[in-house]
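The values are calculated or read from the model by the stated rules, or taken from the named source; none is laboratory data. Just so it is clear, the model here is predicted, and its values are computed rather than measured. Reconstructed Cβ throughout: ideal geometry from the backbone, glycine too, with neighbour counts over all protein chains shown.
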Amino acid sequence: MTLPEPLKSQILHAVAEDGGAKPAMLEALRLVQQAEGWVSDARLAQVADLLGVSTAELDSIATFYSLIFRKPVGQTVIMLCDGASCWMNGGDALRDALMDRLGIGYGQTTADGRYTLINSACVGGCDRAPALLIGPGRRLVGPLSPDGVAALLEGGL
Amino acid sequence: MTLPEPLKSQILHAVAEDGGAKPAMLEALRLVQQAEGWVSDARLAQVADLLGVSTAELDSIATFYSLIFRKPVGQTVIMLCDGASCWMNGGDALRDALMDRLGIGYGQTTADGRYTLINSACVGGCDRAPALLIGPGRRLVGPLSPDGVAALLEGGL
Amino acid sequence: MSETLPLTGRARPDRSPHTLAEWRAVGGYASVERALQMTPVQLVDLVDAANLNGRGGAGFQAAKKWRFMPAVGTSPGIGTNYLIVNGDEMEPGAFKDRFLLEALPHQVVEGAIIAAYATHSRHAIILIRDDYRAGISAIRRAIAAAEAANLLGTNILGSGFNLHLRVHPSAGRYIVGEETALISALEGGRAIPRKRPPFPAQSGLWGRPTTVNNVETISLVPHIVAQGAQWFRALSRTEEGGTKLYGVSGMVNRPQLIEAPMGTTARELIDRAGGVSGTGVLRCFQPGGGATPFLEPADLDTPMDFGHMAKAHSMLGTGTLIVLDQGTCPVAVTARHMAFYARESCGWCTPCREGLPWAARILTALEDGTATPRDIDILRMTAAEAGPRGRTFCDLMGGAMGPLASLLSRFGDLVEAHLDGGCPIRRGLL
Amino acid sequence: MSETLPLTGRARPDRSPHTLAEWRAVGGYASVERALQMTPVQLVDLVDAANLNGRGGAGFQAAKKWRFMPAVGTSPGIGTNYLIVNGDEMEPGAFKDRFLLEALPHQVVEGAIIAAYATHSRHAIILIRDDYRAGISAIRRAIAAAEAANLLGTNILGSGFNLHLRVHPSAGRYIVGEETALISALEGGRAIPRKRPPFPAQSGLWGRPTTVNNVETISLVPHIVAQGAQWFRALSRTEEGGTKLYGVSGMVNRPQLIEAPMGTTARELIDRAGGVSGTGVLRCFQPGGGATPFLEPADLDTPMDFGHMAKAHSMLGTGTLIVLDQGTCPVAVTARHMAFYARESCGWCTPCREGLPWAARILTALEDGTATPRDIDILRMTAAEAGPRGRTFCDLMGGAMGPLASLLSRFGDLVEAHLDGGCPIRRGLL
């Protein structure tokens, strides 16, 4: 499947805005991921082609930045803060509850493809520790107790 | 044989003058060569030791700069200009005469250890083409005809 | 606008950002008009007189940084200067720039316009952490509105000054927040820090003179222009000007952001955050994020500014306190920090790439009770050898060594006690 | 001192350098006293008004270069600015700096003191090609004498200005003369050029602002200070100020150095050098060393300054003409140049490391009659692809492509004629 037209023009717009193909590489990857959840090998090659850069160079960017996903992720990505303030306020218990409930560890996706769990640098929510980010909007949720995990996953929080 | 004392103190003086061991590396090599004609492996290691740099780093300098000699040279080094102005004015004939007379090619030393012949970048003597530099003072000689080679080597020029 | 809380005084309780009209109604963008009637040199002098120290962590004087920026036509090469606003906040314990970006985007844009003018920059970029989606869209909306009102773009307000301002959303990796790594990132590369010199003011983005200022620093600029240097200095309790957007988190009852005079003490901030939680008794605190050395109760009354914190052998850093009660082990906190810094190292310089994972492993071994006395020696050696500046391109390693060194010097007995079966606090022995 | 030959007017016929006393007796060092009573900015303005273009080859305005140098305390980082005097003359056909160093060392030292003062440099280095032993010792003696007379060192002549000046003898390799390679060499590394930006004025030797000026440029400075900008401009026949130390070599009867007004024509210079030798008929000439594109008899009356030579699709370069008569083949001359540049490439950038030996091999094959039409295509492609600036860190490759490109465009038929059995000129066919 070739690169869909809207994505193509978004990427070319980024090239204009960022002043060239190289500085627009990361934004191009972000745009692909925004549309499709992750960046496949096929898309990587297509974007490299569109930008006129080598696949190796584009992948060197894709693999450096932790929030560009080079394998498929679940519909909802949960990024759990592993900063010290969250840890002091029960972050480990929250982590365990999440992993138990989802049946996965960090970096994994549930079998039904609904959730991916990732540990994150301090999410800038230390006043709401323990906290996490959830979904495409990276919504900040916290403080969250282990008991709140069920409600969160059912969309209640 | 360890590094002779005067050489040692000259090198340490260069370190002070040049503001450190690294910027003084080349000067240290020059000093060794000035004293001994070339830079042997043993001296290289001793100088590296004195300067507190690795032998590899010092040798990377020694091998980059063309006028640091890492093998023995003759008592008298002849540097023959291979610039265009000398070529136009009979440089090839002068070269052939020198090689014939000495029985060596570029980069070689006569069997008796008296002469080494090297081709050189334009020696800054284009007004005296064809020209060469000779001896430790790099004395500029030119214009020199093939006929003058004998006299030059007998010290007459 | 509040006279004493310039940074947060206009924010709404629900953090919803202002429209341009709303922002103007509370006095917004008046400073842009005023600034454009001054010369860049006058602006730098004003900010100099205000003694505004950069709020990104190092506390370098903003005016001094700006003064390094050459005027148009006085630097070799071709192109404009660049202003970069650093909104990549990812420091453990830091949560202040998120607030300024989300709740007060026009304040950031306003400051960026003025700072760009002062630094002869015709192009400015606000780099924002990917996770701050609300901040990214708030700033983007603010830029669009400002462009429509000719507060950005060509011949701004008839002044002849042109400025193109855009947002660069980043995509993770703590090191992006390091100013030279950030420049590498903006040029389309991996975020690898660069050796200094050249400093960014000499050769930064695309080789052009570049200033990188933190979101909080930039947010203060319009207020200095509006109310003057004397007013700004008077806000502070110390020599360093202004208010500071402090934060308190960790073992406190009501973790929160607090705008307060520069030089407010940790005691006051912790009190305002509801006091120490857990055991209710303070063991120690980090004054400004994960990379700042631990301080103890004796330092509760030290004014929290860059100078006083340095004198107390710590750093103000981001000014966001991490509080540890008696029931919280600083070895465990340091272990978590170290794991973070080890993971986030870009991997370029050997001491950082190799030293941090090693230190992190030893700290975990201490917690678990599997460490040996020699491991503690290695920690000491690592802190001593890799702590000083200049051993690596950037200060990620040096920063990470701060809490480690202070852990070893202040809590040596506690660290050694871990050799005998792991954390004594966790086991209820202390 | 001669009014019209400032550069060489004081030189003795036997090239023996002056003692300090002798130099002072002919007015030497009066310019240092005068300069130290001016401000650095006034000096830069003076040199600006004189329109002194750098004599190293590129012709960049000296005052513009100096103006990029930040005043003390206005650049980030710690340390002084540096002035470097470039005496690494190794360009094929260039033999002018040798003369200035050997015969007029105090003129160089005097100029260095003034230029250092103007560029806020407290440390200056004169880098001299290893082969110029007489120049090295003459400059060293001049420095020692100047130091003894407090013309160097601390608080020079009571002005408060301090300057440490030293000699760095190089050790071969043409690339050392490239200003950023020279900086790498002075820092103790291989002479590998550096990417620009940062330009040396932003971050040069040890990361500090650095100016690199050619020996001839520096030698002119005292005279501008002594006699003023108007006098200096009036020396020239064109817009570019001063006299030029031209040289004529190759196929002329009396190859020599000639100081003459900037803008003197090749016809006059060749005439003064005794006219064309060999066949007595001019085929072509390079105006300023091996890296400058060929010009033909039609350009004999073009004023030789940087601007006019550029307009004529060549370069003034070092201003030392290489003259080819009808009996001398430009393919052969280019082949020798190309072998030189191929040998002297530092090897860092691929187009230069790989392209130059290839071009050199093809040119030799043309001479020998073993080349193919496809080889000429490769030469054309190499010149077109690698000639433009920016494909490599420095301009060694670009410079070498100058004569090659002009050979192909001006003497295309002659080049093609080589396909049929080698050089037709050598074989007496043309």
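Does segment C:4-11 contain any residue that is modelled with pLDDT under 95, in contact with a helix residue (DSSP H, G or I) (Cβ under 9 Å, 6 or more places away or on another chain) and of a type in the set (Ser, Thr, Tyr)? Don't jump to the end; show me each part of the working.
Our first condition is that a residue be modelled with pLDDT under 95; within segment C:4-11, this holds for C:4.
Those left that are additionally in contact with a helix residue (DSSP H, G or I) (Cβ under 9 Å, 6 or more places away or on another chain): C:4.
Going one step further and asking which of them are of a type in the set (Ser, Thr, Tyr), we end up with C:4.
Yes, segment C:4-11 contains at least one residue that is modelled with pLDDT under 95, in contact with a helix residue (DSSP H, G or I) (Cβ under 9 Å, 6 or more places away or on another chain) and of a type in the set (Ser, Thr, Tyr).
Can you confirm whether segment A:26-35 contains a residue that is of a type in the set (A, V, I, L, M, F, W, C), at pLDDT 95 or above and over 20 Å from the mean Cα position of the chain (by Cα)? The answer is no, given that none of the residues of segment A:26-35 is of a type in the set (A, V, I, L, M, F, W, C), at pLDDT 95 or above and over 20 Å from the mean Cα position of the chain (by Cα).
Within segment D:205-236, the set of residues being assigned to a helix (DSSP H, G or I) and within 14 Å of chain C (Cβ to nearest Cβ) comprises D:Leu205, D:Trp206, D:Gly207.
One residue stands out among those in segment D:320-365 that are surrounded by 21 or more Cβ atoms within 10 Å (Cβ to Cβ) and among the hydroxyl-bearing types (Ser, Thr, Tyr): the one that is nearest to D:Gly56 (Cα to Cα), which is D:Thr320.
So is C:Arg122 within 13 Å of chain A (Cβ to nearest Cβ), surrounded by fewer than 21 Cβ atoms within 10 Å (Cβ to Cβ) and more than 29 Å from A:Ala62 (Cβ to Cβ) or not? Judged against the criteria, C:Arg122 is a match. Return the residue satisfying two criteria in turn: it lies in segment D:126-135 and is more than 20 Å from D:Ala11 (Cβ to Cβ) and surrounded by fewer than 24 Cβ atoms within 10 Å (Cβ to Cβ), and of such residues it is farthest from the other protein chains (Cβ to nearest Cβ). Selected residue: D:Leu127. When you scan segment D:341-361, do you find a residue that is modelled with pLDDT of 95 or more and touching an Asp or Glu at 6+ places or on another chain (Cβ under 7 Å), even just one? Checked against the condition, which is being modelled with pLDDT of 95 or more and touching an Asp or Glu at 6+ places or on another chain (Cβ under 7 Å), segment D:341-361 yields no hits at all.
Is it the case that A:Asp92 is of a type in the set (Asp, Glu) and within 14 Å of another protein chain (Cβ to nearest Cβ)? Walk me through how you get there before you give the answer.
Working: of a type in the set (Asp, Glu): yes; within 14 Å of another protein chain (Cβ to nearest Cβ): yes.
Yes, satisfied.
Summed over segment C:256-298, residues that are surrounded by 21 or more Cβ atoms within 10 Å (Cβ to Cβ) and under 22 Å from C:Val333 (Cβ atoms) total 21. Within segment C:241-287, the set of residues being within 21 Å of the chain's Cα centre (by Cα), in a loop (DSSP other than H, G, I, E, B) and within 12 Å of chain A (Cβ to nearest Cβ) comprises C:Pro255, C:Ala273.
So, in segment C:37-53, of the ones that are assigned to a helix (DSSP H, G or I) and touching a helix residue (DSSP H, G or I) at 6+ places or on another chain (Cβ under 6 Å), which residue ends up farthest from C:Thr238 (Cα to Cα)? Break it down stepwise before answering.
First, pick out the residues of segment C:37-53 that are assigned to a helix (DSSP H, G or I): C:40-50.
Checking which are touching a helix residue (DSSP H, G or I) at 6+ places or on another chain (Cβ under 6 Å) leaves us with C:40, C:43-44, C:46-50.
Details: C:Pro40: 27, C:Leu43: 23, C:Val44: 21, C:Leu46: 18, C:Val47: 16, C:Asp48: 16, C:Ala49: 14, C:Ala50: 12 Å.
For segment C:37-53, the residue satisfying everything is C:Pro40.
If you filter segment C:365-405 down to residues that are basic (Lys, Arg) and in a helix (DSSP H, G or I), you find that the one that is farthest from C:Ala342 (Cα to Cα) is C:Arg374. Would you call D:Arg374 among the basic types (Lys, Arg), under 22 Å from D:Asp420 (Cα atoms) and modelled with pLDDT of 95 or more? Spelling it out, D:Arg374 is indeed among the basic types (Lys, Arg), under 22 Å from D:Asp420 (Cα atoms) and modelled with pLDDT of 95 or more.
Restricting to segment D:158-174, count the residues that are in contact with a Phe, Trp or Tyr (Cβ under 9 Å, 6 or more places away or on another chain) and either on the phi < 0 side of the Ramachandran plot or away from chain B (no Cβ under 14 Å) (or both). Give the derivation first.
Of segment D:158-174, the ones in contact with a Phe, Trp or Tyr (Cβ under 9 Å, 6 or more places away or on another chain) are D:159, D:161, D:163, D:169-174.
From what's left, either on the phi < 0 side of the Ramachandran plot or away from chain B (no Cβ under 14 Å) (or both): D:159, D:161, D:163, D:169-171, D:174.
Residues flagged as in contact with a Phe, Trp or Tyr (Cβ under 9 Å, 6 or more places away or on another chain) and either on the phi < 0 side of the Ramachandran plot or away from chain B (no Cβ under 14 Å) (or both) within segment D:158-174 amount to 7.
Note on segment C:152-191: residues that are part of a loop (DSSP other than H, G, I, E, B) and closer than 16 Å to C:Tyr132 by Cβ amount to 4.
Answer yes or no as to whether B:Ser145 is in contact (Cβ under 8 Å) with a residue 40 or more places away in the chain and within 8 Å of chain D (Cβ to nearest Cβ). Before you say what the answer is, go through the steps one by one.
Numbers: in contact (Cβ under 8 Å) with a residue 40 or more places away in the chain: yes; within 8 Å of chain D (Cβ to nearest Cβ): no.
Considered against the rule, which asks whether it is in contact (Cβ under 8 Å) with a residue 40 or more places away in the chain and within 8 Å of chain D (Cβ to nearest Cβ), B:Ser145 comes out as no.
For residues that are among the aromatic types (Phe, Trp, Tyr) and part of a helix (DSSP H, G or I), scanning just segment C:318-349, find the one that is farthest from the other protein chains (Cβ to nearest Cβ). Among those residues, the one meeting the criterion is C:Tyr341. Would you call C:Gly274 within 22 Å of A:Pro143 (Cβ to Cβ) and either in contact (Cβ under 8 Å) with a residue 24 or more places away in the chain or aromatic (Phe, Trp, Tyr) (or both)? Judged against the criteria, C:Gly274 is not a match.
Identify the residue in segment B:100-112 that is under 20 Å from B:Arg139 (Cβ atoms) and touching a Gly at 6+ places or on another chain (Cβ under 8 Å) and, among all such residues, is nearest to the other protein chains (Cβ to nearest Cβ). Looking at residues that are under 20 Å from B:Arg139 (Cβ atoms) and touching a Gly at 6+ places or on another chain (Cβ under 8 Å), I get B:Thr109. When both residues are 6+ apart or on different chains and their Cβ atoms are under 8 Å apart, which pairs have a first residue that lies in segment D:83-95 and is facing chain B (nearest Cβ under 7 Å) and buried (at least 24 other Cβ atoms within 10 Å of the Cβ), and a second that is of a type in the set (A, V, I, L, M) and not in a loop (DSSP other than H, G, I, E, B)? Between residues of segment D:83-95 that are facing chain B (nearest Cβ under 7 Å) and buried (at least 24 other Cβ atoms within 10 Å of the Cβ) and residues that are of a type in the set (A, V, I, L, M) and not in a loop (DSSP other than H, G, I, E, B), the close pairs are D:Glu89/D:Val215; D:Met90/D:Val176; D:Pro92/B:Ala84; D:Pro92/D:Ile322; D:Gly93/B:Ala84; D:Gly93/D:Leu321; D:Gly93/D:Ile322; D:Phe95/D:Leu257. The residues of segment D:329-355 that are more than 14 Å from D:Pro92 (Cβ to Cβ) and touching a residue at least 24 places away in the same chain (Cβ under 8 Å), listed by number, are D:Cys329, D:Val331, D:Ser345, D:Cys346, D:Trp348, D:Cys349, D:Pro351, D:Cys352, D:Gly355.
Looking at B:Glu5, B:Glu36, which one is over 23 Å from D:Arg166 (Cβ atoms), out of contact with any helix residue (DSSP H, G or I) (no Cβ under 9 Å at 6 or more places or on another chain) and away from chain D (no Cβ under 11 Å)?
Details: B:Glu36 fails: out of contact with any helix residue (DSSP H, G or I) (no Cβ under 9 Å at 6 or more places or on another chain).
Only one candidate qualifies: B:Glu5.
For segment A:79-96, the criterion of being under 28 Å from C:Ala339 (Cα atoms), more than 19 Å from the chain's Cα centre (by Cα) and of a type in the set (S, T, N, Q) is met by at least one residue.
Could you grab me the full set of residues in segment A:39-89 that are away from chain C (no Cβ under 14 Å) and within 26 Å of A:Asp112 (Cβ to Cβ)? Quick ask: steps written out before the conclusion?
Of segment A:39-89, the ones away from chain C (no Cβ under 14 Å) are A:40-46, A:49-50, A:55, A:71-72, A:74-76.
Selection gives A:Ser40, A:Asp41, A:Ala42, A:Arg43, A:Lys71, A:Pro72, A:Gly74, A:Gln75, A:Thr76.
Taken together, the residues in segment D:299-313 that are in a loop (DSSP other than H, G, I, E, B) and either surrounded by fewer than 24 Cβ atoms within 10 Å (Cβ to Cβ) or among the β-branched types (Val, Ile, Thr) (or both) amount to 5. A Cβ distance below 6 Å, combined with a sequence gap of six or more or placement on separate chains, defines the contacts here; from segment D:26-45, residues that are farther than 17 Å from D:Leu7 by Cβ reach residues that are assigned to a helix (DSSP H, G or I) and β-branched (Val, Ile, Thr) in the pairs D:Val32/D:Ile113; D:Arg34/D:Val225; D:Ala35/D:Ile114; D:Ala35/D:Val225. Taking segment C:182-204 as the range and being of a type in the set (A, V, I, L, M, F, W, C), crowded, with 24+ Cβ neighbours inside 10 Å and facing another protein chain (nearest Cβ under 10 Å) as the test, the residues that pass are C:Ala185, C:Leu186, C:Ala191, C:Ala201. For D:Leu43, indicate whether it is surrounded by fewer than 22 Cβ atoms within 10 Å (Cβ to Cβ), more than 13 Å from every other protein chain (Cβ to nearest Cβ) and over 19 Å from D:Asn86 (Cα atoms). Spelling it out, it is not the case that D:Leu43 is surrounded by fewer than 22 Cβ atoms within 10 Å (Cβ to Cβ), more than 13 Å from every other protein chain (Cβ to nearest Cβ) and over 19 Å from D:Asn86 (Cα atoms).
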